[in-house]
Every structure is written in structure tokens, then in C-alpha cells.
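Below is one structure; the comments refer to it alone.
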Amino acid sequence: MPVFFRVFPYRAGAAVDEAGGALYLPRQGSGRIDNPEAYSVVYLSESPAGAMAEFFGRFPEWDTTMLVSGAWLAGSVPGLARIRLSDGARLCDLDDAHELLHWHLRPSEVVSRKYERTRAWARRIFDAGTFVGVRWWSYYDPQWTSLAVWDPSLLRLQTVEPVTLAHSALVEAGSTIGRRIVQR
């Protein structure tokens, strides 16, 4: 089973599919691959650092205010989940030139910030019924791979650990994308 990572608002004791759980899906419709009228989506990364960058990347400076309990969800702290995808689950790999040609996509369309476009190609791929999700390179750094899985029942939580400013994956992500980590 392939292993992936997700940073999320973690609440100790929460069930995996309820607010504060690693596979809880909040209201959707604002993400790159979202099409809530057709499916729910869990966003993941193939690396812990990639998951950190995707979750915290919009902040120009990283400090304890982004880790404060309740900043994301009352009683929560950011957590890093290790999640397994069921064996045999097929992802459409948009880092593969053959897939880009098949879906008539340019690389720039995959990471576009024009989400109406990314949601349109995601819906086409979903409607084909061949894949359980898609994978592409991270907006923050192409060494990291991002994923969107349309069927959360194919995912199994392995572990969760709270994120601190000293977490090695956070430090790696900050260094890679040029974010200063400040201990306050």
C-alpha cells in the first residue's frame, strides 16, 4: 500500500472522519480539484515536507501563531498524518506526458491558479471512472507530489503526530520554499 501524508487540524480523540480527524472533509468547493456536486476529495502529498508546504505555504513567515490551539479548528493543533492508499487504487499521474496528451492538458493547466479550469479537467478525469484520484507536482516545488483522492474509504490512517516549529518536515519545507521560521 502506498503511503502519503496530510497536514490537517488535529484534535486528539477525534474519530478519523469527524472534525479534528485525519480524514475529515470540511466544506468543499474552494480547492484546486474540488467538485462537491460530484465527489469529495482528500488532498495528500507523497512527502511530509510537501504536505507541510501545501498547508502552511501561504504564510510568508512561520511562527507559533500558526500552531496555536484552535487557530484552525477549536481545540485543534496542526497534525501530520501518515495515510495508506489501498493496493491497486489507480491514480491519474499528470506528471506523465502520456496522460497530459490523453486528457489534452498542458503542464501549466495542471498547476494553474484558475481553479475553474483545474476543476473542469478534474471532473473530466473523475467522470471517466478509471481512476480514484489524480497526482501532480506541487505548486510550491516540483520535487513534491500532490494528490487528490476522490474516495476516502480507500484511505487508512496509520499515524498522526502534532506539528511543531522544530519538526524536520516543517524545517525542510520552510527551507525549500523560502519561509523563515521564527521562534516567538
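Every number here is computed from the coordinates shown, using simple stated rules; none is lab data. Nothing here was measured: the structure is a model prediction, and the numbers come from that model. So basically every Cβ, Gly included, is an ideal-geometry build from the backbone, and we count neighbours across all protein chains shown.
Normalized C-alpha radius of gyration of the range 88-184, against 2.2 N^0.38 Å?
Values: Rg = 16.3 Å, N = 97, 2.2 N^0.38 = 12.5 Å.
Cα-based Rg divided by the globular estimate yields 1.30.
Just check the range 128-168 against the gyration tensor rule for me: Cα atoms, a ≥ b ≥ c as the square roots of the eigenvalues, rounded for a/c under 1.5, and otherwise prolate or oblate depending on whether a/b exceeds b/c.
The shape class here is oblate.
Given the chain, what percent of its DSSP beta bridges are antiparallel, to the nearest 5? All intermediate terms of the calculation are to be shown ahead of the outcome.
Details: 26 of 31 bridges.
Close to 85 percent.
If you bin the C-alpha pair distances of the chain every 5 Å from 0, what whole percents do you get?
Calculated over all Cα pairs of the chain, the distribution is 1, 8, 17, 20, 21, 17, 10, 5, 1, 0 percent.
Counting Lys +1, Arg +1, Asp -1, Glu -1, what net charge surrounds K114 among other residues with beta carbon under 14 Å of its beta carbon?
Local charge sum for K114: +2.
Which value does Rg/Rh take for the range 1-90 over its C-alpha atoms, Rh per Kirkwood?
Numbers: Rg = 13.6 Å, Rh = 14.1 Å.
Dividing the radius of gyration by the Kirkwood radius yields 0.97.
Please go through the range 7-107 and write out the GluC sites (Glu not before Pro) that DSSP classes as loop and that have at most 14 other C-beta atoms within 10 Å. Numbers along the way, then the final one.
Working: sites: E18, E37, E46, E54, E61, E99; in loops: E18, E37, E46.
Those that pass, being in a loop and sparsely packed, are E18, E37.
What percent of all Cα-Cα pairs in the range 56-141 falls in each 10 Å bin, counting up from 0?
Final binned percentages: 13, 34, 28, 21, 3.
Let me make sure I get this right: for the range 78-117, a, b and c are the square roots of the gyration tensor eigenvalues over alpha carbons, sorted descending. Under 1.5 in a/c it's rounded, otherwise prolate if a/b > b/c, else oblate. Which is it? Could the numbers behind the result be given before it?
On the way: a/c = 3.26, a/b = 1.42, b/c = 2.30.
Oblate shape, in that a/c is at least 1.5 and b/c is the bigger or equal ratio.
In debye, nearest 20: dipole of the range 3-181 around its Cα centre with unit charges on the Cβ of K, R (+) and D, E (-)?
Numbers: 19 positive and 20 negative charges, 58 e Å.
Dipole of the range 3-181, to the nearest 20 debye: 280 debye.
Okay, helix-only estimate at 222 nm for the chain: each DSSP H run of n ≥ 4 adds -39500 (n - 2.57), divide by all residues, round to 500 deg cm²/dmol; what do you get? Before the final figure, lay out each step's value.
On the way: 5 runs with 43 residues, N = 184.
So the calculated ellipticity at 222 nm is -6500 deg cm²/dmol.
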